[in-house]
Each structure stands twice: as C-alpha cells, then as structure tokens.
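Notes follow once the structure below has been shown.
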Amino acid sequence: MRVRQLLGSMICAVMFYASNAMAEDHESHVAAMGDIRVVHPWARAADAGGSTLVFMDIENAGGPVRLTRVRTDVAERAELVGIVMEGTELTTAAVGAIDVPVGEVQLDPGGLAIKLDGLSQELAVGDGIEMVLSFEPGGELTVHSEVEPADAREHSHAGHSHD
Amino acid sequence: MNPLPMVLSTLRADRRLNLMLVILVMIATALGVAIISQERALKQASARAVDKFDLIVAAPGSITDVTLKSLFLRPGAVELLKPEVVRQVVAEKRVAFAAPLAFGDSVNGDPVVGTTRDLVLHLADGHLAEGRGFENWEEAVVGQASPLKVGDTFQTSHGHGPEETTGGLVHASRFTVVGRLPAQGSPWDRAVIIPVEQIWKLHNLPTGHAPEAGPVLGPPFDDAYLTGVPAMVVKPENLAAAYGLRNLFRTETSTAFFPAEVLVGLYQVLGDIRVMMTALAAGTQALVIAAVIACVIVLLRVHRRRFAVLRALGAPRAYVFACIWLYVVTIVATGAIAGLILGFAGSYLAGLFVASQTGVALSPSIGLQEVSLAAVLVATGCVFALVPAVALYRDRLDRALQTIS
C-alpha cells in the first residue's frame, strides 16, 4: 500500500513539473494582450555590437491596429524594417509602422522584421531576449524571443500550433 | 650580381618540364577562379532577371516552381490561381497594376506569354526598343533576342517545351509584331508577348470580358469572365504596400512572394556548392605547389654541380639563393597569371552555355576575390620556394663539385 502511495506521489510530482515546464514553454512562444497575440517570436544569433533581425506572427482578432514602436534593453536601436534586395545582397529598409489588419501579419525572413542595431550583448542560440511592442490602439506588449542560429529561416518550433 | 640571366638560363635548360609545371599551376588557379567568377555571374544575372517583377501572386505551392515557370519561362505545369483571387488582386487599391500571366503556346520553340500592356510597358521602362505596345488582340511584342522582326506575322503552336509540342497543333489566330522590348537579360528576351485575352480565347476559356464587349484589351476585367492564371505580376504603389499585399495574399487559396525570396534560397545552394568546389580547388592548388617544389628539388639535384661551379668562381651564396628562389617564383607567378586568364575564359564559356540553356544572360568578370586567390597561391609559392633555395644555399661546395651533372 505504501509503495502504491509513494508511486502515486512520484507520478503526481512528475506530472506537476512536466505541466509547469510545458506552461513555461508555451508562455515563451506566445504573448497576448486583448485581441492581439504574438506567436513564436525569434531572433537570429549575432555578436555583441552587431545587429540582428527578429521575426514573429502577430494575430489580431479585433479591429485593425498598427505596430508603431519596439524597444528592448539588448540593443541601442530597434526599428521596423522590410527585407529588400540590392543587387545580389539582402538588406533592410525602414517601413515606419506595420499595419496589423484583422487576421494575421507574419514577420518572416522574406518580408517584414524588427531590426535590432548595436546589440549590447552576444545573442547565442538558446538565449532569450525581451522586447516591448507598442500597438496603436492597444498599448504595450512584452514578448520573449528565442535566439535561433544566424542562418535560420524559421522558428525551430514552427509547425505546431498554440491555441 | 643580376640573377635574372641565370634564372632564364635555368628555365630554358629544362623548358618542357618547366612549361609542364607552369601548366599545372595554371590549371589549378583557373579552377578556383572559374568557380568564384561563375557563382558571382550567376547571382548577378538572376537578380537582374527578376528585378522588374516586384511581387508575384500565385496558387499555394512551390514558389520556386512558380518562379521558374513565370519569370524564367520554363515549360511545366503549376496550379492555377483561382479567378476570385485574380479578381481580388486586380481590385486592390494599393496596386499600381496587376498583370495576369498566361502560358501554353510557343512560336518556333520560343515561349508565348499572355499578359497586359501594363507589364509590357513596365518591362520596357515606358519606352520600347522598337515599335510600340500591342493595341489589339492580333498584335504582339517580342523580346530583344527574338528572331521575329517588327512587321512580321506569325501563328502560335499549341504547347511549350518538347513534351507539350509533340502534336504540332497550330492555332488559327495570326499576329503581327508591333514592338520589341529592350534587353532583359532573361528568358523574356526570347519571348513572344501577346494579349492575355488571346491566350484565354485560343484555349477556349473566358476572355476576361463579356462577349458583347468585343475585343477589349486589358483591365478592367469583367469579374464574371475571369479565369484562373498561373501567376500575377503585381506592381505595388510603394514599399509598405508591397509588404501589406504580400501578407494579404498569403492565405489558404493563394501565396504571394518577392522573387528575391527564391533567389536567396538559390544563393544559399550556390554558396554551399562554391564552398565545396573552392575547397576542392584549394586542395588541388596545395598539391600542385607541393608537386612543383618536389620537381624543382629533383631538377636542382641535376644542376647541383652547375651552381657549385658558380660559387667556386666567386658567386656569393646569396646569389645562388636568389637564382633558385626567383626561378620557382617565376614558374608559380606565370602559372597563376595564366590561370586567371584561363579561369576567366572558362567562366565566359560556361556563361555562354548557361545562357543557351536558360536564356539568362551572364556577364562573367574577374573580381578582387579571384585576384586574391591567385595572389595567395603566388605568396604560398614564394614561401615554399625557400625550401630548394635554402637547400642549395647550405650545400657544401666540395661535395657539390664532386657530383656528376
């Protein structure tokens, strides 16, 4: 009987820690504020003093809003950019603000992104960075981005959904 | 003492072997130069080829397939964009123009593209190289390299590519060439461009306009008579609109992309191939340098007594050292310079082959990277040339004089 109770306690403990870990994992992939939800934010690895791009999916279940500003402690400047090709090289062009219509906007390596310039620290694979996104109307939303390899084309967890 | 006469004399003494060594270095250099030059030419040419196509909207699926079909005019089938999406794209306010593309026919093996006057004028930057844009359903504009001349008349054959043209079916409509596009550096230089309504009509599809409207050309299209298309070329009003439209049409029924996205993938593959090939070329160069030094060491053993005699006659050791070092460096430097020229020639020929196969015009050149590669090879040769030079510098005169040459 005691063995059964002990086993039961152990299974409960394992399930508790597992569910906690999953919740944390889920939280790091999704940030929400009202009708706005930011899913899978991720950044590319970069050296201190350099620059990087941050990508994410922004879902909007309410009226149209605009992403107007981004700030973070890990970079001197954060700017909303579009990825453009100049000659044979990819570069970025500032777009000011990003319209987030009802539905979804993808910030991805072929289109829009958040550019962080003057990184105050090295961004290594597996690190996390905090950013504050300002939506008008809406307010500010803090998101946690995971750092992926410098040549990554998508989030390493891309493909699974978050309900 | 001037070492050059002695260097020239040594080069002449074994001219066949020395020539062989120069050829070895030349081939090793040319290999690396051609790889780097060709990769850059391919990247520049492909970027130039898609430059005028701002945004492409197509049915969901492989954007590479759509790019190959629509921008590089390769034969093959892609899913059609549904008429209701075509309608939405055309109706978008942030669009300067949206041109449907239609394929399926050819003229003497060259692809026929059905589209609108807007895209023709956009490709020509507003000014055709010759003539004007089409103004009715029986007129056509040709690419810069098309054998058709302004004023020529032609009929289109059903199908494009060897698999599709086996039936030999010729469409009834006759077209007159009224204009020629400026060079695009892409397969569009061989294209025959006709009104999209004609492609739809020739394939028994709705023509985009009500029958009672007659042969109307281009937009606005009648929603009730639109048909599916392989792709649409969209010119957004500005940069912000381009990203907005790209996002808007990435849905379950359509995809939207910048052609540069496809090129980035291509460049990654090209870069990986270049890294692998360059590593192989670098290995070859290292082996060639080692072989050259080995040959020189063997060769100098034969001439050991000759240099010993020189020293016995009063030539300083430094003179002998300079002669040997300069001799090896001359072989490596001559081979490297000849390799630069041969590499450029190889890249040029490869460019001609790629252009004949794909229609993409390549302009190979020799850049700083290729010159650096040759310079590194020469520098390596300069360092390794010290080996035989030092060996003869330290050679004991009495023993060297006893050798039989």
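I'd like the full set of residues that are assigned to a loop (DSSP other than H, G, I, E, B) and under 21 Å from B:H158 (Cβ atoms), limited to the range B:196-214.
If the condition is that a residue be assigned to a loop (DSSP other than H, G, I, E, B) and under 21 Å from B:H158 (Cβ atoms), then B:H203, B:N204, B:L205, B:P206, B:T207, B:G208 are the ones that fit.
Tell me which of these A:I58 doesn't satisfy, since it passes every other one: (1) surrounded by fewer than 20 Cβ atoms within 10 Å (Cβ to Cβ); (2) at pLDDT 90 or above; (3) within 13 Å of chain B (Cβ to nearest Cβ).
(1)
Spot the failing condition for A:G103; the list is (1) out of contact with any Pro (no Cβ under 9 Å at 6 or more places or on another chain); (2) at pLDDT 90 or above; (3) closer than 25 Å to B:P259 by Cβ, and only one is missed.
(2)
Mind telling me which of the residues B:P259, B:P236 ends up being within 14 Å of chain A (Cβ to nearest Cβ) and either touching a Ser or Thr at 6+ places or on another chain (Cβ under 8 Å) or acidic (D, E) (or both)?
Only one candidate qualifies: B:P259.
Which residue is nearest to B:A231 (Cα to Cα), if the candidates are limited to the range B:31-74 and must be among the aliphatic types (A, V, I, L, M) and at the interface with another protein chain (Cβ under 10 Å from one of its Cβ atoms)?
Here the residue is B:I63.
Mind checking which residues of the range A:68-89 are more than 14 Å from chain B (Cβ to nearest Cβ) and among the polar types (S, T, N, Q)?
A:T72
Conditions (1) over 25 Å from B:L392 (Cβ atoms); (2) at pLDDT below 85; (3) in the same structural domain as B:G381 (by TED's automatic domain parsing), marked per residue:
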residue	(1), (2), (3)
B:E252	yes, no, no
B:R274	yes, yes, yes
B:L280	yes, no, yes
B:A294	no, no, yes
B:L300	no, yes, yes
B:F307	no, yes, yes
B:L310	no, yes, yes
B:R317	no, no, yes
B:V328	no, no, yes
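Quickly run through the range B:184-195 and pick out the residues that are assigned to a loop (DSSP other than H, G, I, E, B) and within 12 Å of B:K52 (Cα to Cα).
Result: B:Q184, B:G185, B:S186.
Among the residues of the range A:90-137, which ones are over 13 Å from A:R44 (Cβ atoms), within 14 Å of chain B (Cβ to nearest Cβ) and not in a strand (DSSP E or B)?
Answer for the range A:90-137, where residues must be over 13 Å from A:R44 (Cβ atoms), within 14 Å of chain B (Cβ to nearest Cβ) and not in a strand (DSSP E or B): A:V95, A:G96, A:A97, A:P101, A:V102, A:G110, A:G111.
The values are calculated or read from the model by the stated rules, or taken from the named source; none is laboratory data. The model shown is predicted, which means the values in this text are computed figures rather than measured ones. Neighbour counts are summed over all protein chains in view; Cβ atoms, including those assigned to glycine, are modelled from backbone coordinates with ideal geometry.
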